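Undergrad: Input: one structure, supplied below.
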Amino acid sequence: MAELETRELEYFLGVADELHFGRAADRLAIAQPALSKAIRRIEARLGVPLFIRSSRSVELTPAGRALQEHGRHALNAVSAAVQSARRAGDTRRHLRLVLKPGGDAGLLSAILAEYARRHDSRQVDILFSGPADRVDMLRDGRADIGLLYVPFDDLDGLAHETLHAEERVVIVPSAHRLAGQASVRMADLEGETLPRWRGVPGGDGTGPEVADVTQLLHMITAGRMIGVLPRSLAEPVPAGLICVPVTDAPPSRLVLAWNAQDRRPMVASFVAAAIGSRQAD
């Protein structure tokens with residue numbers, strides 16, 4: 001059975017990405033003749049050509065494209081396994097909690113206090129994210145635990161516990177046509193300009209791009225758009241703006257999430273503390 005070492009996969013992927021042996025050699029910090037020899041050795045071992053070479057170009061063969069796709073997954077899996085092993089063996093490791101600024105619905109202090117009372121508690125490092133990268137940080141191991149908002153954040157591949165559910169509100173300038181309403185429905189927002197969130201593909205907003213709630217509120221104050229947010233993210237409401245409940249918008253849920261494959265005791269302990277703090281309310 002043909003087998004490849006991780007270093008050989010890295011060499012192959014370097015050439016597959018660059019489609020140029022010279023650039024790949026520079027990227028991999030290896031001499032170009034040695035890289036070419038390594039690729040020929042891989043092809044001989046697999047029994048198939050991976051590249052079509054000419055004096056002017058380098059192209060992937062069908063076998064090369066298949067190895068590029070599956071080889072990258074294999075390298076990522078090896079990297080994740082190594083990180084998991086290191087994390088599991090590090091008893092001094094801090095717990096890393098990721099959230100958006102202000103994105104804790106006022107629950108974080110109680111959660112941290114409950115966790116600090118546990119005999120196995122560790123130092124908690126707070127990481128602040130952009131509008132849409134918390135999920136990626138949990139999936140790739142940059143964070144251990146995260147506070148996410150559903151349905152805004154994608155929970156695929158994550159385990160989670162709901163900590164809080166709340167209504168969503170539309171934020172409008174005080175002179176806006178909806179400002180005097182006791183409540184509105186989503187249909188009432190038809191034709192309004194809504195934001196495009198930076199880093200969030202497939203968003204349905206047509207207005208200017210915003211990166212966080214602070215930018216959104218500035219744009220609403222300037223009359224450039226309106227916005228729909230969980231109530232806790234909109235408060236305290238800046239002067240000149242009004243929050244109106246959206247009665248038929250699905251409730252927003254604040255969830256504590258972690259990688260579904262992460263079964264470390266320190267993660268389980270923090271989850272238990274968060275659930276305990278919720279039940280104590």
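The values are calculated or read from the model by the stated rules, or taken from the named source; none is laboratory data. As the structure is a computational prediction, the values presented were derived from the model and not from experiment. Here Cβ is always computed from backbone atoms with ideal geometry, including for glycine, and neighbour counts include all displayed protein chains.
Undergrad: When residues of the range 215-238 are filtered for being touching a residue at least 12 places away in the same chain (Cβ under 8 Å) and either part of a loop (DSSP other than H, G, I, E, B) or of a type in the set (S, T, N, Q) (or both), how many remain? I'd like the intermediate steps shown before the answer.
TA: At the first step, the residues of the range 215-238 found to be touching a residue at least 12 places away in the same chain (Cβ under 8 Å) are 216-217, 219-221, 223-234, 237-238.
If we keep only those that are either part of a loop (DSSP other than H, G, I, E, B) or of a type in the set (S, T, N, Q) (or both) as well, we get 221, 223-226, 232, 237-238.
Total satisfying the criteria: 8.
Undergrad: Output the number of the condition that R224 fails; it satisfies all remaining conditions of (1) closer than 16 Å to L194 by Cβ; (2) buried (at least 18 other Cβ atoms within 10 Å of the Cβ).
TA: (2)
Undergrad: What about G157, is it loosely packed, with under 13 Cβ neighbours inside 10 Å, farther than 20 Å from F128 by Cβ, assigned by TED's automatic domain parsing to the domain that holds R134 and of a type in the set (G, A, S)?
TA: On the way: loosely packed, with under 13 Cβ neighbours inside 10 Å: yes; farther than 20 Å from F128 by Cβ: yes; assigned by TED's automatic domain parsing to the domain that holds R134: yes; of a type in the set (G, A, S): yes.
Against the criterion (loosely packed, with under 13 Cβ neighbours inside 10 Å, farther than 20 Å from F128 by Cβ, assigned by TED's automatic domain parsing to the domain that holds R134 and of a type in the set (G, A, S)), G157 qualifies.
Undergrad: Looking at R253, R224, can you tell me which residue is modelled with pLDDT of 90 or more, basic (K, R) and under 21 Å from S109 (Cα atoms)?
TA: Values: R224 fails: under 21 Å from S109 (Cα atoms).
Exactly one residue qualifies, and that residue is R253.
So that you can scan it fast, the table gives a plain yes or no per residue for (1) over 12 Å from I145 (Cβ atoms); (2) of a type in the set (V, I, T); (3) at pLDDT below 90:
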| site | (1), (2), (3) |
| --- | --- |
| P236 | yes, no, yes |
| G240 | yes, no, no |
| P245 | yes, no, no |
| A260 | yes, no, no |
| R263 | yes, no, yes |
| V271 | no, yes, no |
| A274 | no, no, no |
| R278 | yes, no, yes |
| D281 | yes, no, yes |
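Undergrad: Let me ask something additional. Any chance you could count how many residues in the range 160-189 are touching a helix residue (DSSP H, G or I) at 6+ places or on another chain (Cβ under 9 Å), charged (D, E, K, R) and buried (at least 17 other Cβ atoms within 10 Å of the Cβ)?
TA: 1
Undergrad: Mind checking whether some residue in the range 158-166 is assigned to a loop (DSSP other than H, G, I, E, B) and either farther than 24 Å from F270 by Cβ or in contact (Cβ under 8 Å) with a residue 40 or more places away in the chain (or both)?
TA: So the first thing to find is which residues in the range 158-166 are assigned to a loop (DSSP other than H, G, I, E, B), and the list is none.
No.
Undergrad: State which residue is farthest from T6 (Cα to Cα) when the search covers only the range 39-67 and only residues that are of a type outside the set (A, V, I, L, M, F, W, C), in a helix (DSSP H, G or I) and at pLDDT 90 or above. Walk me through how you get there before you give the answer.
TA: First, pick out the residues of the range 39-67 that are of a type outside the set (A, V, I, L, M, F, W, C): 40-41, 43, 45, 47, 49, 53-57, 59, 61-62, 64-65.
Checking which are in a helix (DSSP H, G or I) leaves us with 40-41, 43, 45, 62, 64-65.
Still in the running and at pLDDT 90 or above: 40-41, 43, 62, 64-65.
Working: R40: 16, R41: 14, E43: 15, P62: 21, G64: 16, R65: 17 Å.
Filtering first and then ranking leaves P62.
Undergrad: Same structure, new question: Filter the range 250-281 down to the residues that are over 24 Å from the mean Cα position of the chain (by Cα) and small (G, A, S) and list them by number.
TA: At the first step, the residues of the range 250-281 found to be over 24 Å from the mean Cα position of the chain (by Cα) are 276-281.
Selection gives G276, S277, A280.
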